Each structure stands twice: as C-alpha cells, then as structure tokens.
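A quick write-up on the structure given underneath.
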Amino acid sequence: MADNKAKLTIAETSVDLDVLSPTLGSKVIDIRTLGSKGYYTYDPGFTSTASCESKITFIDGNNGILLHRGFPIGQLATESTYLEVCYILLYGEAPTQEQYDKFKTTVTRHTMIHEQITRLFNGFRRDSHPMAVLCGVTGALAAFYHDALDVSNPVHRDITAYRLLSKMPTVAAMCYKYSIGQPFVYPRNDLSYAGNFLHMMFATPCEEYVVNPVLERAMDRIFILHADHEQNASTSTVRTAGSSGANPFACIAAGIASLWGPAHGGANEACLRMLEEIKTVEHIPEFIKRAKDKNDSFRLMGFGHRVYKNYDPRATVMRETCHEVLKELNLNDSLLEVAMELERIALNDPYFIEKKLYPNVDFYSGIILKALGIPSNMFTVIFAIARTIGWIAHWNEMHEDGLKIARPRQLYTGYDERDFKSEIKKK
Ligand code: SDX
C-alpha cells in the first residue's frame, strides 16, 4: 500500500520511509526500519502512532464517523441486533439468515458456565466492586476451558470466541447477584441475548421476570454502541497481552482491567456520580469552572475523547435511547435534566469549543442504565459485556495477521552507569 515516501533527516543521516495509504483516514509513515538505524520515535499514550493494521472499525474523529466493517454505527444501532453486529465484527460481512441462526443458536447454547466456577465467587467479599470480580472470574475461565487453546488454530479461536461472547453476560449477572446476596439465575435459551442478561440480572426464584421489550431493545442497543472502537486502551491491552500467545481468557481479563479506569470505560459510572454530585442545574457553573481549572484534577466525566473532536456518534444514539427509556418507564429523571443543561452549557463554552470537548458514549449511558434498574457499580461491567466482541475480533485479527510480540522501546533518562556500594550490613 506504499504509494509515496517520507525522508527523515537527522544530522548527517537521511532515512527514506514508506508512506502507507489506508482505505479511509490518515496515511501512516512506516517506521519499522528506523530501529535498525538506531532511532526510535517517542509517543507516550500513542497519540500519533498506529499500532497495527486493522479492517474491523474505522473512526473519523473530526467528522464524528464510526464504521464497523464499513457499516455506519447509526444504521447498525437502529436496524441491527447486537448478535448480528458481533457476527459482522468477527467475520467481516453481514450474515445470511442461515448464518445468523446458526451463530445465535451456538451462542445461546454456550451461555452456561462450568458449575464449579460458581464456588469461585465465595472467595470475594460481598462488597467487592463487580469489575474486580468480573476481572478475577474471567481470568479464572482460563483454568476451566483447556480443550481449545491452540491460539494458532482458527477453529480453536472460534470456539473461544463463542465461549467468551456467550458466557460474559452470565458471569456479569452473577457478579451483580453475588453483590446483593441473591441466588444466581441460570441463562434461558428461549430469550434474546439482551433479554437473557436482564433476566439473569433481575429474576428471582420467587417470581417470574417478564422482559420488557422496550428495555430489552435499549439494552441491546447499548451493547451495540459499546461493541468496538478500534485501538482504544482496553483493546490495545488485549492485543498486547495476546501478542505473546497468552491464554485468550487471561487476555480478555487484562482488557477488563484496562476498561475499568475512569478515563476509559469507568467514565459511565464516574459520569453518573458526577451528575449526582452536581444534583441541580444551579450547581452546573461551579463544576464547569472546576473542569477548566488547571489546578483542579476534576474533569467533566463523559466529555472529551482522544479521537472524537466532534460529537461521538454513539452519544447521539444514546441520547435518543435515553428519552425512549424514560418515556417508556414514565420516569422524570432530574439527572437527565442536569445532563441536558450541562451539555447545552458545555457545547457553548469557549473552553470546551476550543479543546473540542464533546459528550462521548459514556455521557448518557449512565442515565439509561440507572433507569433500567442497574446500579452504577455495574455500568462498566455492562460496557465490558458489550466490548468483549471487539476485544475478541481484534485478538483474532492479530493472530490471523501473524503474531509479533509487542515490545516498545523507551526514552531512558535515568542514571548513567555507576558502581554499586552497599550500605547494608549483611547478616
Ligand atoms: C471511552 O479510546 C476510545 O475509543 C475510548 C472509548 C471506547 O469506546 O473505547 O470511546 C470509551 O473511554 C470514552 C472516554 C471516556 N472518558 C471520559 O469521559 C473521562 C473524561 N474525559 C477525559 O479524561 C479525556 O477527554 C480523555 C481521557 C477521554 C481523552 O483525553 P486525551 O485525548 O488524552 O486528551 P487530554 O487529556 O490531553 O485533554 C486535552 C485537553 C487538556 O487540557 P490542556 O492540557 O490542553 O489545557 O482537554 C482537557 C485537558 O485538561 N480535557 C478536559 C476533559 N477532557 C480533556 N477538560 C475538562 N473535562 C474533560 N472531560
């Protein structure tokens, strides 16, 4: 794909580098040969670095565009289902009815987990954060599923993909049930992916749980909107962990750990806490002031994005879904009022305009999830369920493209070589 050259001149040395052209988006300078010439690039946080080639998702941050295998997120969110989007992300094309039915049946039939895993939960305190439990139990799946671990074998990778996609909602719902002291609810094969998750979250042995189709659709749409987002922090973590050939369940556990951070997937929980702290519209100016204060670490949760310097297209769909859910439940959430006013003020404030800080996917999701009856400490768990397919698709693509262990270099600014003299009296 090299269609022109770049010349890097450092002192007397000149290095010719290929410039590679994408299908969409920015050209990239291929610096792979630089290391052999004794030079490295320096880019903490990878703000200007393409870590891999990928065909899965494309984001145009300036124009607020998000494509999954070329399909716009707005169309997928309104016309598709999460499982159909999973198929598209994993296999690259929209499924035929026959392919979809087979995929759905396979996912449905893998939703149960090994019964022994239920005992793992007893090792956690009841007040553990559900993300801590999800991370631990997902990693522990590596101790239970040994029969398809040849990561170089595409058939094994497919089996692992099904297991993770199918079991993540079951484990996630168990994290919730464990935290509230209710019995685990087994998955049901007659329910949809989203409906089954709501059932496992809210059913009890004492009465039938009837899935509300509007809430089921909202849940499915939230899963779609969080399914994948190219090389974000958690996906890059899964790629890095997987680049050593590591166990896939352990790699996904690493992705969960990275997603948990408030700058990433933990922002939805942090955003709701922020809205609750703001409480009323009258308090907004004080928080906007704090968000602009360089000496205050406070940031407007749910605002800003490394790539989107325009509206996050997912936030647009999330906003519509938010209104649908509140209308269906006849809820008048004062937090939505605060959120709408905060959005209006921020979008007209020079600070946010100059820094191109727009609401992101996490800004509205918390309000919807709260309306669905999901506690805020489960918000990032929901994000992890949805993002599991993105992590798997990228992990799979990395293996398909040929594994190369991730091993970045550094800018060393420590001591020069010096002699060691111990002050410690050796016993
Ligand atoms: C997700 O990568 C992905 O694709 C992630 C994600 C996905 O689907 O995987 O989209 C999901 O993680 C969405 C983002 C959720 N995080 C939040 O909502 C937390 C709040 N946002 C910020 O922490 C921040 O915007 C980041 C982390 C999201 C992006 O930070 P960057 O790109 O590293 O930008 P930056 O921190 O360098 O900020 C640039 C400037 C700074 O000011 P200056 O130093 O230039 O003066 O903008 C300011 C920041 O202080 N700024 C904010 C702000 N976000 C950035 N100021 C106030 N409030 C904010 N939210």
Discussion item. Spelling out what I want: for every residue of the range 205-211, take phi, set θ = phi - 60°, compute 6.51 cos²θ - 1.76 cosθ + 1.60 (Karplus), and round to whole Hz; glycine and proline get x.
Written reply: x, 7, 8, 5, 9, 9, 6
Worksheet, complete the sentence: Expected max-MSF residue from Ile367, Ile256, Ile284 in the GNM of the chain (alpha carbon, under 10 Å) is Ile284
Practice prompt. For the range 1-62, give the percent of accessible area contributed by carbon and sulfur heavy atoms, probe 1.4 Å, rounded to a whole number.
Written response: 54
Worksheet item: Which value, in Å² rounded to 10, gives the accessible area of Asp293 with a 1.4 Å probe and all protein chains present?
Response: 70
Worksheet item: Relative to the Cα centre, what is the charge dipole magnitude of the range 288-368, using +1 at the beta carbon of each Lys and Arg, -1 at the beta carbon of each Asp and Glu, and rounding to the nearest 20 debye?
Response: 500
Practice prompt. Hey, can you find the accessible area per residue of the range 120-172 for me, probe 1.4 Å, expressed in square angstrom?
Written response: 39
Discussion item. What is the ratio of the Cα radius of gyration of the range 230-375 to 2.2 N^0.38 Å, with N the residue count, to two decimals?
Written reply: 1.14
Discussion item. Give me, ordered by chain and number, the residues 5 or more places off Asp18 or on other chains with an amide H under 5 Å from its own placed amide H.
Written reply: Ala6, Asp30
Discussion item. Considering just Cα atoms, how many Å³ per residue does the convex hull of the chain enclose?
Written reply: 214
Discussion item. Can you give me the long-range amide H partners of His305? Hydrogens built in the peptide plane at 1.01 Å from N, cutoff under 5 Å, separation of 5 or more residues or another chain.
Written reply: Tyr358
Discussion item. If R₀ is 30 angstrom, what is the calculated FRET efficiency for the pair Lys404 and Lys309, using the beta carbon separation as r and rounding to 0.05?
Written reply: 0.45
Worksheet item: When the convex hull of the C-alpha atoms of the range 257-314 is computed, what volume per residue in Å³ does it have?
Response: 112
Item to complete: Pop out the ³J(HN,Hα) list for the range 271-277 in order, Karplus 6.51 cos²θ - 1.76 cosθ + 1.60 with θ = phi - 60°, rounded to Hz; leave Gly and Pro as x.
Response: 5, 5, 4, 5, 4, 5, 6
Worksheet item: If contacts are Cα pairs under 8 angstrom and at least 6 residues apart, what is the relative contact order of the chain in percent?
Response: 19
Worksheet item: Ignoring ligands, DNA and RNA, what percent of the accessible area of the range 155-260 is carbon or sulfur (1.4 Å)?
Response: 59
Worksheet entry | In Å, descending, principal axis extents of the Cα set of the range 1-66 | 43, 28, 19
Discussion item. Given N residues in the range 376-416, what is its alpha carbon radius of gyration divided by 2.2 N^0.38 Å?
Written reply: 1.93
Practice prompt. Read phi for every residue in the range 249-260 and hand back ³J(HN,Hα) as whole Hz from Karplus 6.51 cos²θ - 1.76 cosθ + 1.60, θ = phi - 60°, with x for Gly and Pro.
Written response: 5, 5, 5, 5, 4, 5, x, 4, 4, 5, 4, 5
Fill in: Among Phe184, Gly92, Ser334 - extreme Cα towards positive end, dipole of the chain, charges at beta-carbon
Phe184
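The values are calculated or read from the model by the stated rules, or taken from the named source; none is laboratory data. Since we're looking at a predicted model, the values are computed, not measured. Virtual Cβ from ideal backbone geometry, glycine too; neighbours counted across all protein chains shown. These area figures cover heavy atoms from the full protein model, side chains too; ligands, DNA and RNA do not enter into them. Shrake-Rupley method; radii C 1.70, N 1.55, O 1.52, S 1.80 Å.
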